[in-house]
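Peer 1: The following block contains the structure, expressed as structure tokens.
Only the coordinates and a few stated rules stand behind these numbers; no lab work does. In this text, all values refer to a predicted model and were calculated from it rather than measured experimentally. Ideal geometry is used to build each Cβ from the backbone, glycine not excepted, and the neighbour counts take in all protein chains shown.
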Amino acid sequence: MFRSLRSCAATVSRLLVGLALLLALDCRADDGDEPKTRVAEVSRLMAEARALQKQYRESAALARYELVLAQQPRYYEALWRAAVLSTSIGMRYTDESRRTAYFTSARQYADRAYAVNPKGGEANYAVAFTLAQRATLLNAPQRIRLYKEMKPYAWRAVEYSPNLPDAWQMLGRWHYRVAHFNVVERAYCRLFLGGRPAGASNTRAMEALRKAHELDPRRIQFCYDLARVYANQHLTDEAMQVLEQAAALPTVTSEDLETNRKCLKLLGQVRRSCGMKGEVCAAVRP
């Protein structure tokens, strides 16, 4: 009898061990499936976000990138794109508190992207872009400090990602703005910042903005920025040529339409300045 009970106990024990092994194997299988499911979900969300960006549905694209970051907080592309989108969306608000909220969020995303990949051109561009827009909310001394802080990021962005047109635009704008510091701004730099940020010039501004325009000639904002520097340097033929190109570009967004109006206004001013009064310059005739 005792022998029979011991045999039954041994059998039950073996069954329990077997059941435990099966459960363990099942859990491992589930654990293996979960990362695959998560990767597939992240890939789907990234594809949706990129597609939405191409359709200029920026708020919806940002929401997808944020869903990606909720699952993978160090996803580099989602971080720098979320930074740029947050900045772009914030720029559209006239309410300062809402702009500040978007710009603060953008800077956090940009800093995280930079922490993940400090030698990524996109991350350096994102930091510079957020700083540039943040500067629009600050007083003159704070704004000047941000332009000094922005310099290394703007320069590294084109060094690490030479085919990123937005980075070249950012660098060109930096050169143009710093080269045109007024007397008070230059005095502040000299007294409190050890001098104006070195290296800024109109020539380098034109070189950088030309590069941005070459990389993406259908971006009307690149045309306007380049033409404005040309006009400032009295390069009227070059300015009119770029502005004529801009006038022929399609306007997809409200920002494109506004920039198109600025281009047409500048074109009229440049023509009048060289005595054309509405006639097309020989330099831009077909």
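Peer 1: If you plug each phi of the range 204-220 into the Karplus form 6.51 cos²θ - 1.76 cosθ + 1.60 with θ = phi - 60°, what whole-Hz ³J(HN,Hα) values come out, in order, with x for Gly and Pro?
Peer 2: Karplus values, whole Hz, x for Gly and Pro: 5, 4, 5, 4, 5, 6, 4, 5, 4, 5, 5, 5, 9, x, 9, 8, 5.
Peer 1: Hey, another quick one. Just to confirm my numbers, what's the Cα centroid distance between the range 47-107 and the range 132-177 in Å?
Peer 2: Value for the Cα centre distance between the two parts: 19 Å.
Peer 1: May I pose another question? Cross-link list Lys54/Lys211; Lys36/Lys211; Lys119/Lys211; Lys54/Lys265; Lys119/Lys265: which exceed 31 angstrom alpha carbon to alpha carbon?
Peer 2: Distance filter (> 31 Å) returns Lys36/Lys211; Lys119/Lys265.
Peer 1: What does the charge count around Thr87 come to, taking other residues whose C-beta lies under 9 Å from its C-beta (Lys +1, Arg +1, Asp -1, Glu -1)?
Peer 2: Net charge in that neighbourhood comes out at +2.
Peer 1: Please tell me the relative contact order of the range 122-185 in percent, rounded to the nearest whole number, where contacts are Cα pairs under 8 Å and at least six residues apart.
Peer 2: Relative contact order, the range 122-185: 38 percent.
Peer 1: Another question, then. Which ³J(HN,Hα) values, rounded to whole Hz and listed in residue order, are derived for the range 237-251 from phi using the Karplus coefficients 6.51, -1.76 and 1.60 in 6.51 cos²θ - 1.76 cosθ + 1.60 with θ = phi - 60°, glycine and proline given as x?
Peer 2: So the Karplus estimates, Gly and Pro as x, are 4, 5, 5, 5, 4, 5, 5, 5, 4, 5, 5, 8, 7, x, 9 Hz.
Peer 1: Let me ask you something else. Sort Tyr76, Tyr65 by Cβ crowding within 10 Å, fewest neighbours at the top. Could you put the intermediate results ahead of the total?
Peer 2: On the way: Tyr76 17, Tyr65 28.
Ordered from fewest to most neighbouring Cβ atoms within 10 Å, Tyr76, Tyr65 come out as Tyr76, Tyr65.
Peer 1: Let a ≥ b ≥ c be the square roots of the eigenvalues of the Cα gyration tensor of the range 41-137; is it rounded (a/c under 1.5), or, if not, prolate (a/b larger than b/c) or oblate?
Peer 2: Verdict is oblate for the range 41-137.
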